[in-house]
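Just so you know, all these numbers are worked out from the coordinates, no wet-lab data involved. Values in this document were obtained by computation on a predicted structure and should not be read as measured data. In this analysis, Cβ positions are derived from the backbone assuming ideal geometry, glycine residues included, and neighbour counts consider all displayed protein chains.
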């Protein structure tokens, strides 16, 4: 495996590791939960071993909501993580700690995971670049074979396209026994960032599945990005994209997959540490999701897997006609801390997931389909200066196309000069 070149940022080869899904021998991995507090990994996971072989130095762990089951990062175990652009707002989730650390200039790059948008949501919230790889691109193993039944993937958050591409070059590829394996790229992704993407056919979708309202400032930003893409020579047109199933069925099936996985994780930690599964160890939304998952039948679980197939076929059909899909990453600016809690009062497991997907309706389809997608920090809100991410999705295994377009966009509309209120290189932080 080649050595990694110096990364953009003040601390060279340092990387922060999300407190979830990456095991570091002898170090805690607590999944943001009190029920797993003090859990220490016995051995490196496959991805951690690849980080070490690449010469990366682990600076520390970053916060995640409990079991990564949210798109805000406000867990009880370590408290709320704040957005460096506005500390009263969320940095997104579930990789919110990684997003805040990179945005604030603490590290140039940080590990992240994504099961419904957890790379792209904090990328958009923190003004970063974040690419969700194709299912099977990076090994999840060896202990789990898949997370959320193939919906979750490993990736990183960074301030530059080059850094994300280089890291993916260093860690991509399957391990023996992995249930999925994406086809190897023709050339290193770092090289793709300098290659012309050619003239691509790009569809634009500003109204999300589920038809929730999108803030006008977000729609305007997406349309400006579409104009930028057109000015770069691409063919751009508004489209409608079918999911293959109804939106409520999509939410229901995801809730069944997510909650049943959650039951196994909570039960395992409860048994390992002899802790009760109650309000002293698990947060209210997770207790509700745990109870919901216990009621899912085997037949319902199999039907949820069939949903995954239907969505993958529908999304795949779209990418048989178009090269990319452009959408807002989020339908609104980063919300104030505490907003999610107000909407969660009395919700059951299905209601909690419905709220999460309401907050991030553009991202989850590509996790279900297994296709690659990225959030690019092309825009800012004129009124507040807060970052706005624009999502580009591609077909299965087409990270190469995404990196070519991302490199082109970074040259045309650079963002590296933007820094938030809280920035490690600034002396007037309070």
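Legend: ranking of residues 138, 153, 239, 147 from fewest to most surrounding C-beta atoms inside 10 Å; resulting order 239, 147, 138, 153.
Rounded to the nearest 0.05, what FRET efficiency do residue 195 and residue 320 have when you use their Cβ-Cβ distance and R0 = 30 Å? Walk me through the numbers before you get to the answer.
On the way: r = 23 Å, r/R0 = 0.76.
That pair, residue 195 with residue 320, gives E of 0.85.
Students often get this wrong: which residues of the range 185-226 have the backbone nitrogen under 14 Å from the point 7 angstrom along Cα-to-C-beta of residue 358? Counting only backbone N, you get 210-214.
One Cα centroid belongs to the range 320-342, the other to the range 25-81; the line between them spans 25 Å.
Placing dummy labels 7 Å off each Cα toward the beta-carbon, the span from residue 411 to residue 25 is 4.4 nm. For the range 326-360, the residues whose backbone nitrogen is under 15 Å from a point 7 Å from the Cα of residue 279, taken along Cα to Cβ, are 345-347. Panel order for 194, 154, 234, by other beta carbons found within 10 Å of each beta carbon, from fewest to most: 194, 234, 154. Residues 248, 399, 192, ranked from the fewest to the most other C-beta atoms within 10 Å, line up as 248, 192, 399. Let me test this: with uniform point scatterers at the alpha carbons of the range 121-243, what is the Debye-based log₁₀ I(q)/I(0) at q = 0.17 1/Å? Scattering profile of the range 121-243, log10 relative to I(0): -1.17.
Suppose a student asked you for the relative contact order of the range 1-152, using Cα pairs under 8 Å spaced at least 6 residues apart; what percent would you report?
Details: 332 pairs, mean separation 35.2, N = 152.
Relative contact order here is 23 percent.
The modelled label-to-label distance for the pair residue 305/residue 268, using points 7 Å beyond Cα in the direction of Cβ, is 1.8 nm.
Considering only DSSP beta bridges where both residues belong to the chain, give the percentage that are antiparallel (nearest 5). Numbers along the way, then the final one.
Values: 27 of 41 bridges.
Antiparallel bridges make up about 65 percent of those DSSP assigns within the chain.
As a length-normalised measure over Cα pairs under 8 Å and 6 or more apart, the relative contact order of the range 120-254 settles at 20 percent. Which entry is the computed Rg/Rh (Cα atoms, Kirkwood Rh) for this structure: (1) 0.93; (2) 1.00; (3) 1.11? Computed from the coordinates, Rg/Rh (Cα atoms, Kirkwood Rh) corresponds to (1).
Distance between the 7 Å Cα→Cβ label points at residue 247 and residue 295: 2.4 nm.
When the alpha-carbon atoms of the range 350-430 are used, the pair Rg, Dmax equals 16.3, 46 angstrom. Entry note, the range 14-412: relative contact order of 20 percent, from Cα contacts under 8 Å with a spacing of 6+ residues.
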